[in-house]
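This report refers to the structure that appears directly beneath it.
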Amino acid sequence: MTRPKILVIDDEPEIREILTELLGLEGYEVFSAADGRSGIEIFEKHNPAVVITDISMPIMTGFEVLKVIHEKSPKTGVILITGNGEATVAVSALRDGAFDFFDKPVDFDRLTVAVKRKLDLQRFDLDKGQLQVQLFQTMKLASIGTLASGVGYELNSPLAVVVAYVEQVREVLDEAPIDVKTRDELVSTLSLVKKAAARMQATIKHLLAYSRQADAFDFSDVQIRDPIDKAFLFFSSSYQKFRIADSFVLPRDLPPIYADVGKIEAVFVNLFSYSRKAFEAITDNREKCVTITGSLGREGFIVLVYKDNACGMSAQVCRQLFEPLSSVNDEGKGVESGMPVVATIIEAHKGTISVSSEPGAGAEFTITLPVYKEATDQKSAVRSNA
């Protein structure tokens with residue numbers, strides 16, 4: 001197992017050597033430097049997890065070292081030590097981003113506790129990131145499984161058309177001779193066959209593209225109607241079968257958003273999937289409908305309202321709908337598995353999502369997303385969050 005790396009920076013040789021030896025005995029790989037400038041060079045070469053630095057040093061002070069390291073690697077823990085002992089120095093150090101602060105002579109037991117605490121926090125943050133990636137993969141696989149039935153509906157109708165028209169072509173070919181009129185009919189029939197086949201190919205191609213989306217986010221300016229229409233391709237036939245009407249009211253002058261088009265498409269795939277399942281639980285003769293409306297909200301954001309009139313959810317389900325791995329049930333039905341990843345995607349886009357619903361009264365999801373001109377100013381923040 002790789003040993004955690006610690007860097008000790010102190011211009012006093014005795015302190016530097018003692019700390020290096022003691023931390024080495026604790027199982028760490030320890031580097032040392034006699035001044036801030038050489039300490040920064042060692043930091044850039046070895047990327048230690050924790051840096052312990054004196055404040056009062058020639059060439060570079062500990063505060064200057066802290067600033068450089070914080071800019072280069074915000075997650076690195078910097079612990080400052082000083083012989084000054086003033087409370088104002090400690091407050092200043094913590095305010096500037098130091099993880100902890102110790103007076104000289106340093107209590108080594110307390111120092112090692114601080115080092116271990118920082119390493120534990122770093123490991124937790126790494127594990128959390130890995131779990132988020134695993135969660136996204138799991139949810140994506142679940143949504144792809146849901147899409148299978150939608151694709152089946154989508155492909156069955158054009159396949160039936162292909163088979164029927166091929167039979168017609170065969171019947172025509174059995175007749176001889178073929179006059180001009182018959183030839184025209186044959187050409188027209190083959191055109192319909194080609195169109196139906198192209199529809200199947202487009203659906204299959206789109207499913208493959210969706211299933212192969214990279215986990216990394218790829219941001220660009222996106223017209224919100226594009227991912228919504230692409231997501232609905234998977235459900236148009238099944239919505240027709242279950243007689244679910246759809247209405248997308250999105251003004252033409254709605255500004256583009258700064259987004260990953262594939263990830264936003266995944267959001268609406270999950271929403272359309274949720275509604276279809278919710279309508280399956282309806283036993284009355286209500287007219288089923290899904291609507292999406294868009295408008296320009298507060299400065300720099302668009303507001304999307306996705307609404308259905310299906311079976312709805314209880315207040316408890318609404319509260320836990322976006323929580324990862326939630327096991328809450330509502331009258332025997334589990335929480336829609338794709339919703340936690342929906343929330344993750346919206347959060348990565350610096351947007352918000354909320355839900356309001358009542359049993360039997362449908363559900364309403366409100367989504368806000370930053371428009372392109374605003375999000376451009378936030379590119380770095382959005383990309384690092386993704």
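The figures follow:
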{"read-out": "Wholly enclosed strands (runs of 3 or more DSSP E) of region 225-312 bearing at least 1 residues more than 26 Å from Arg199 (Cα to Cα), touching a Ser or Thr at 6+ places or on another chain (Cβ under 7 Å) and among the β-branched types (Val, Ile, Thr)", "value": "301-308"}
{"read-out": "Condition check for Leu192: at pLDDT below 70 and open to solvent by less than 80 Å² (accessible area, probe 1.4 Å)", "value": "no"}
{"read-out": "Residue among Val355, Val342, Val371, Val382 that is within 11 Å of the chain's Cα centre (by Cα), of a type outside the set (Phe, Trp, Tyr), open to solvent by less than 40 Å² (accessible area, probe 1.4 Å) and at pLDDT 80 or above", "value": "Val342"}
{"read-out": "Residue match in region 4-11 (condition: of a type outside the set (Asp, Glu) and out of contact with any strand residue (DSSP E or B) (no Cβ under 9 Å at 6 or more places or on another chain))", "value": "no"}
{"read-out": "The lone exception for Gly83 - which of (1) under 25 Å from Arg123 (Cβ atoms); (2) in contact with a strand residue (DSSP E or B) (Cβ under 8 Å, 6 or more places away or on another chain) it fails", "value": "(1)"}
{"read-out": "Residue that is farthest from Arg123 (Cα to Cα), among those in region 55-78 that are touching a Lys or Arg at 6+ places or on another chain (Cβ under 8 Å) and surrounded by 15 or more Cβ atoms within 10 Å (Cβ to Cβ)", "value": "Met60"}
{"read-out": "Residue match in region 195-217 (condition: closer than 29 Å to Asn270 by Cβ, modelled with pLDDT of 70 or more, in contact with a helix residue (DSSP H, G or I) (Cβ under 9 Å, 6 or more places away or on another chain) and in a loop (DSSP other than H, G, I, E, B))", "value": "yes"}
{"read-out": "Test: Ile224 is modelled with pLDDT of 85 or more and over 23 Å from Tyr372 (Cα atoms)", "value": "no"}
{"read-out": "Matching residues, region 227-251, being more than 26 Å from Asp284 (Cα to Cα) and either among the aliphatic types (A, V, I, L, M) or at pLDDT below 85 (or both)", "value": "Ile228, Ala231, Leu233, Val249, Leu250"}
{"read-out": "Failed criterion for Leu7 (all others in (1) in contact with a Phe, Trp or Tyr (Cβ under 9 Å, 6 or more places away or on another chain); (2) part of a helix (DSSP H, G or I) hold)", "value": "(2)"}
{"read-out": "Whichever residue in region 278-301 is loosely packed, with under 13 Cβ neighbours inside 10 Å and modelled with pLDDT under 90 and, among such residues, is nearest to Asp229 (Cα to Cα)", "value": "Glu280"}
{"read-out": "Any pair with Cβ under 8 angstrom, 6 or more apart, that starts in region 6-29 at a residue that is touching a residue at least 24 places away in the same chain (Cβ under 8 Å) and crowded, with 16+ Cβ neighbours inside 10 Å and ends at one that is part of a loop (DSSP other than H, G, I, E, B) and small (Gly, Ala, Ser)", "value": "Ile6/Ala49; Ile9/Ala34; Asp10/Ala34"}
{"read-out": "From Ala33, Ala49, residue being surrounded by 14 or more Cβ atoms within 10 Å (Cβ to Cβ), out of contact with any Ser or Thr (no Cβ under 7 Å at 6 or more places or on another chain) and either of a type in the set (A, V, I, L, M) or more than 10 Å from Lys5 (Cβ to Cβ) (or both)", "value": "Ala33"}
{"read-out": "Residue, most open to solvent (accessible area, probe 1.4 Å), within region 241-277, restricted to residues that are hydroxyl-bearing (Ser, Thr, Tyr) and under 25 Å from Lys288 (Cβ atoms)", "value": "Ser247"}
{"read-out": "Residue in region 296-304 that is touching a helix residue (DSSP H, G or I) at 6+ places or on another chain (Cβ under 6 Å) and under 21 Å from Phe235 (Cβ atoms) present", "value": "no"}
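The values are calculated or read from the model by the stated rules, or taken from the named source; none is laboratory data. Model, not experiment: these values are computed from the prediction. Cβ: placed from backbone, ideal geometry, glycine included. Neighbour counts: every protein chain shown. What goes into the accessible areas is simple: the full protein's heavy atoms, side chains included, and nothing from ligands, DNA or RNA. Shrake-Rupley method; radii C 1.70, N 1.55, O 1.52, S 1.80 Å.
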